[in-house]
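One structure is given here, and the rest of the page talks about it.
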Amino acid sequence: MSLRRQITFRADLVFELVLTVVGLAASIAALGMIYTRTDTLGGWGPGEAIALLGTFQIITGLRTAFVEPNLQWFGKQVKEGTFDAILTQPAPAIFLASLNTCAPLALGQVGLGAIVVAYGVHEASVSITPAGVAAWLALLVAATVIMWATRALLAALVFWAPELTLDVVYDSVWQFARYPVDIYQRPLRMLLTYVLPVAFLATVPARVLLDTGQLVAVPVSIGLAIGSYLLAHLAWQAGLRRYTSATS
């Protein structure tokens, strides 16, 4: 149904693809400009940084396709009372509120991201292994869960502070994942790894893909994904207990 709504305006598909390609090209060009001044960036070579950028693009595409079309309007739903319709359905509210609809055209970002990863691996001149690819895919799943859970957790704040809007803050923090967390100073790097799990969105998956010696990160990421989900679930349960229906 979401796809049918979007292809009603078929020119949108072309413009969506063009904008995605231009955005990716600009990001790769920016990396290219940086590497004209240095051989490595936080220990990452040009090809490795491109593979990381492609991984970031994949997770961003999944966020744009499945999560943002729902949660960007969630605060308005709570304040206007249209959230009541979700609560009457026989399914967990957190899933219906965050994954009820989608923007299928944004999946083009996922495909382009995969192409960029392949290009980055080629430029890095590293031999990837089946174990590395399998670990990378597992980490992409974990990163997707972390992305969804942290976004849902942020959205749940509306139950306590209806006028508080932190979407811009989330988007700003999100951009840190575009580059290796190794380039940041230690206090910020520790924050982006252990407090705000930005490192696990792109840096860790790309590192494991390029170096199978880092496979220990797989169980850590899976554990973090499970913990993120449980935290988001508990926050939503607490928020729902505070929610006052507009029809009650």
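Scalar couplings 3J(HN,Hα) for the stretch 108-117, obtained by applying the Karplus form with A = 6.51, B = -1.76, C = 1.60 to θ = phi - 60°, are x, 5, 5, x, 5, x, 4, 5, 5, 4 Hz; x denotes Gly and Pro.
From most to least packed by mean Cβ count within 10 Å, the peptides 87-96, 40-49, 221-230 give 40-49, 221-230, 87-96. When the Cα positions of Trp160, Val204, Trp174 are compared along the charge dipole of the stretch 155-226, Val204 comes out farthest toward the positive end, with charges on each C-beta of Lys, Arg, Asp and Glu. If you plug the beta carbon distance of Ser125 and Leu99 into 1/(1 + (r/R0)^6) with R0 = 30 Å, you get a FRET efficiency near 0.15.
Measuring with a 1.4 angstrom probe and ignoring ligands and nucleic acids, Arg5 comes out at about 130 Å² accessible. Spacing of the modelled spin labels on Asp12 and Ile115, each 7 Å from Cα toward Cβ, amounts to 2.2 nm. Across the stretch 77-188, the volume of the C-alpha convex hull divided among the residues equals 165 Å³ per residue.
Between Lys76 and Ala91, the distance separating the two model label sites (each 7 Å from Cα on the Cα→Cβ line) works out to 2.2 nm.
How large, in Å, is the chain by the Kirkwood hydrodynamic radius built from its alpha-carbon pairs?
19.3 Å
Please state the shape class of the stretch 22-62: rounded when a/c is under 1.5, otherwise prolate if a/b exceeds b/c and oblate if not, all from the C-alpha gyration tensor. Taking the square roots of the gyration eigenvalues as a ≥ b ≥ c, the stretch 22-62 is oblate.
Computed about its Cα centre, the charge dipole of the stretch 1-110 is approximately 200 debye, with only Lys, Arg, Asp and Glu carrying charge at their Cβ. Here the chain is treated with +1 on each Lys and Arg Cβ and -1 on each Asp and Glu Cβ, and its dipole about the Cα centre works out to around 360 debye.
Seen against the Cα atoms of the chain and their longest principal axis, helix 130-155 is set at about 40 degrees. Considering the dipole of the chain built from charges on the beta carbon (Lys and Arg +1, Asp and Glu -1) around the Cα centre, which of Met1, Phe83, Ala65 is farthest to its positive end? Farthest towards the positive end: Phe83. Rolling a 1.4 Å probe over the protein heavy atoms gives the stretch 1-103 an accessible area of 55 Å² per residue. Residue ranking by accessible heavy-atom surface, 1.4 Å probe, largest first, among Trp174, Trp73 comes out as Trp73, Trp174. In the chain, Cα pairs under 8 Å separated by at least six residues give a relative contact order of 28 percent.
3J(HN,Hα) along the stretch 169-177: 5, 4, 4, 5, 5, 4, 5, 4, 6 Hz, from the Karplus curve 6.51 cos²θ - 1.76 cosθ + 1.60 with θ = phi - 60°, whole Hz, x for Gly and Pro. What the Cβ-Cβ distance of Ala30 and Val169 gives, at R0 = 22 Å and to the nearest 0.05, is a FRET efficiency of 0.45.
Sorting Thr244, Thr64, Thr203 on solvent-accessible area from highest to lowest, probe radius 1.4 Å, gives Thr244, Thr64, Thr203. Here the Karplus curve 6.51 cos²θ - 1.76 cosθ + 1.60, taken at θ = phi - 60°, turns the phi angles of the stretch 35-49 into couplings of 7, 6, 9, 8, 8, 9, 10, x, x, 9, x, x, x, 5, 5 Hz, with x standing for Gly and Pro.
The values are calculated or read from the model by the stated rules, or taken from the named source; none is laboratory data. Because the structure is predicted, anything quoted here is derived from the model rather than measured. Virtual Cβ from ideal backbone geometry, glycine too; neighbours counted across all protein chains shown. Ligands, DNA and RNA are stripped out before the accessible areas are found, and what is left, the full protein with its side chains, is counted by its heavy atoms. Shrake-Rupley method; radii C 1.70, N 1.55, O 1.52, S 1.80 Å.
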